[in-house]
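Working notes, structure below.
The values are calculated or read from the model by the stated rules, or taken from the named source; none is laboratory data. Since we're looking at a predicted model, the values are computed, not measured. Side chains included, ligands, DNA and RNA excluded: accessible areas come from the protein's heavy atoms. Shrake-Rupley method; radii C 1.70, N 1.55, O 1.52, S 1.80 Å.
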Amino acid sequence: MQLLYGLIIFMILGAIIAIETKDLLSSAISVGAMGMALSIVFLILGAPDLAIVQVAVEVIALIMLIRLIGVRE
């Protein structure tokens, strides 16, 4: 249970970092870390199907974000 709370705090801190940082690549990496933590939370709560979908969606979204950042800079 403490691991679950630790992951939730990690996701909150990641969201704050993603919002407050000025570097777009750091923001995208922070969002990716939050998504991976969320998939671990899904595994802890007993939903492996949701964890697999979360990882797939997170990887695709992260690739798109990094590609858009590369075009912009």
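Using θ = phi - 60° in the Karplus curve 6.51 cos²θ - 1.76 cosθ + 1.60, the 3J(HN,Hα) couplings for region 24-41 round to 5, 5, 4, 5, 5, 5, 5, 5, x, 5, 5, x, 5, 5, 5, 5, 5, 4 Hz; x is entered for Gly and Pro.
Each stretch of four or more DSSP H residues adds -39500 (n - 2.57); spread over every residue of the chain, this sum gives -31000 deg cm²/dmol at 222 nm.
For the chain, the carbon plus sulfur part of the accessible surface works out to 76%, probe radius 1.4 Å. For the chain, a Gaussian network of Cα nodes joined below 10 Å ranks Val57, Val31, Val41 by mean-square fluctuation, and the top entry is Val57. Accessible surface computed residue by residue for the chain, with neighbouring protein chains in place and a 1.4 Å probe, gives 72 Å² per residue. Shown here are the Rg and Dmax of the Cα trace of the chain, at 13.2, 42 Å.
For Leu25, the solvent-accessible surface with a 1.4 Å probe is about 80 Å², rounded to the nearest 10.
In order along region 42-51, the phi-based Karplus estimate (6.51 cos²θ - 1.76 cosθ + 1.60, θ = phi - 60°) of 3J(HN,Hα) comes to 4, 5, 5, 7, x, 10, x, 5, 5, 5 Hz; Gly and Pro are listed as x. Centroid-to-centroid, using Cα positions, region 43-69 and region 1-30 are 15 Å apart.
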